[in-house]
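Comments concern the structure below.
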Amino acid sequence: MLGLIDRKELVEQLYVLENGRLKLYEERFDMAGWPPGEAEHNAQVLAKCFERGGWFHGIFDAGLLVAVAVVDSVFLEAERPALQLKFLHVSHDYRGRGLASGLFRTACKRAREMGAEEIHISATNSRNTVDFYVRLGCKLLDKPDPELYRLEPEDIHLYCELEPYKI
């Protein structure tokens, strides 16, 4: 089902982290979809996340999964209690409708309910992705979680402080 999310995107610029600052450089490629085996690998990772109590929220159109957000239940190595936004994708034809920002806000609320004070994001280094999170108030992490960094050293590691949960 995960592989049905259309990841199509024209990427024209990427970020790299140099001396604690984001540096933009030109890199143009057409992301036509999932690289071979990636959807299957992500599905296995997310199944384990689900088994350990992760939170999942999908948006469907006529039974087709078009957007999804996942918050892992494992607390990260951080100064404040932090959970990872494990996954956030919106199918190409459904972008620009506010689905991603709505899913992000919902994921942040759920992470707070789960006891987190921050949500951490290992963002793909495309300008579109990083700029999206920055617009939502995310900031660069000074010290990424060692395991997340080991898994995705080229990603841009961000965090967002979560508003206190009010009952």
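Taking region 109-134, which residues are over 17 Å from Lys23 (Cα atoms) and more than 12 Å from the chain's Cα centre (by Cα)?
Lys109, Arg110, Ala111, Arg112, Glu113, Met114, Gly115, Ala116, Glu117, Glu118 - these are the residues of region 109-134 that are over 17 Å from Lys23 (Cα atoms) and more than 12 Å from the chain's Cα centre (by Cα).
Considering every residue within region 88-107, establish whether at least one is of a type in the set (S, T, N, Q), open to solvent by less than 60 Å² (accessible area, probe 1.4 Å), modelled with pLDDT of 95 or more and closer than 13 Å to Tyr159 by Cα.
No, every residue in region 88-107 fails to be of a type in the set (S, T, N, Q), open to solvent by less than 60 Å² (accessible area, probe 1.4 Å), modelled with pLDDT of 95 or more and closer than 13 Å to Tyr159 by Cα.
Cβ-Cβ under 7 Å, sequence separation 6+ or interchain: first residue in region 90-116 and in contact (Cβ under 8 Å) with a residue 60 or more places away in the chain, partner in a helix (DSSP H, G or I) and open to solvent by less than 60 Å² (accessible area, probe 1.4 Å). Which pairs?
Val90/Leu99; Val90/Ala100
Name the single residue that is most open to solvent (accessible area, probe 1.4 Å) among those in region 108-130 being among the charged types (D, E, K, R) and assigned to a helix (DSSP H, G or I).
Only one residue fits best here, namely Lys109.
Can you spot a residue in region 38-57 that is under 18 Å from the mean Cα position of the chain (by Cα) and within 22 Å of Arg97 (Cα to Cα)?
Yes, the conditions are met somewhere in region 38-57.
Name the one entry in Asp72, Asp6 that is surrounded by 13 or more Cβ atoms within 10 Å (Cβ to Cβ), of a type in the set (Asp, Glu) and within 19 Å of Ser122 (Cα to Cα).
The unique qualifying residue is Asp72.
The values are calculated or read from the model by the stated rules, or taken from the named source; none is laboratory data. In this text, all values refer to a predicted model and were calculated from it rather than measured experimentally. Cβ atoms come from the backbone with ideal geometry, glycine included; neighbour counts cover every protein chain shown. When the accessible area is computed, the model is the full protein with side chains, heavy atoms only, and any ligands, DNA or RNA have been set aside. Shrake-Rupley method; radii C 1.70, N 1.55, O 1.52, S 1.80 Å.
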